[in-house]
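Participant: Below you'll find the structure I mean.
The values are calculated or read from the model by the stated rules, or taken from the named source; none is laboratory data. Bear in mind that the values here come from a model prediction, so they are computed numbers and not experimental data. Neighbour counts are summed over all protein chains in view; Cβ atoms, including those assigned to glycine, are modelled from backbone coordinates with ideal geometry. Quick note on the areas: whole protein, heavy atoms, side chains included, nothing else; ligands and nucleic acids left out. Shrake-Rupley method; radii C 1.70, N 1.55, O 1.52, S 1.80 Å.
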Amino acid sequence: MEGAGGAVVDAGWGTAVLAMIAEARGTGIDPIASLRAAVAELESAGRVGE
């Protein structure tokens, strides 16, 4: 199966990620806020040296 731009789609990987998100939520972690924070860090790191 192909995704956007011909990228490989791996349903098993997606299922594992969703399970990790459910587990995190069960331990009190806000997965949405956590992912947003991680993206913000990546963006900041990408701008270093600009």
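Participant: Given Gly49, Gly5, Gly28, which one is small (Gly, Ala, Ser), over 13 Å from the mean Cα position of the chain (by Cα), at pLDDT 95 or above and surrounded by fewer than 10 Cβ atoms within 10 Å (Cβ to Cβ)?
Facilitator: Gly28
Participant: In addition: Select from the range 8-25 the residues that are open to solvent by 80 Å² or more (accessible area, probe 1.4 Å), out of contact with any Pro (no Cβ under 7 Å at 6 or more places or on another chain) and either part of a helix (DSSP H, G or I) or among the hydroxyl-bearing types (Ser, Thr, Tyr) (or both) and list them in ascending order.
Facilitator: Applying the first criterion (open to solvent by 80 Å² or more (accessible area, probe 1.4 Å)) to the range 8-25 yields 8, 10, 13, 15, 18, 20, 23, 25.
Subsequent filtering for residues that are out of contact with any Pro (no Cβ under 7 Å at 6 or more places or on another chain) retains 8, 10, 13, 15, 18, 20, 23.
Selection gives Trp13, Thr15, Leu18, Met20, Glu23.
Participant: For Glu43, are the conditions met, namely being open to solvent by less than 100 Å² (accessible area, probe 1.4 Å), at pLDDT below 95 and not hydrophobic (A, V, I, L, M, F, W, C)?
Facilitator: yes
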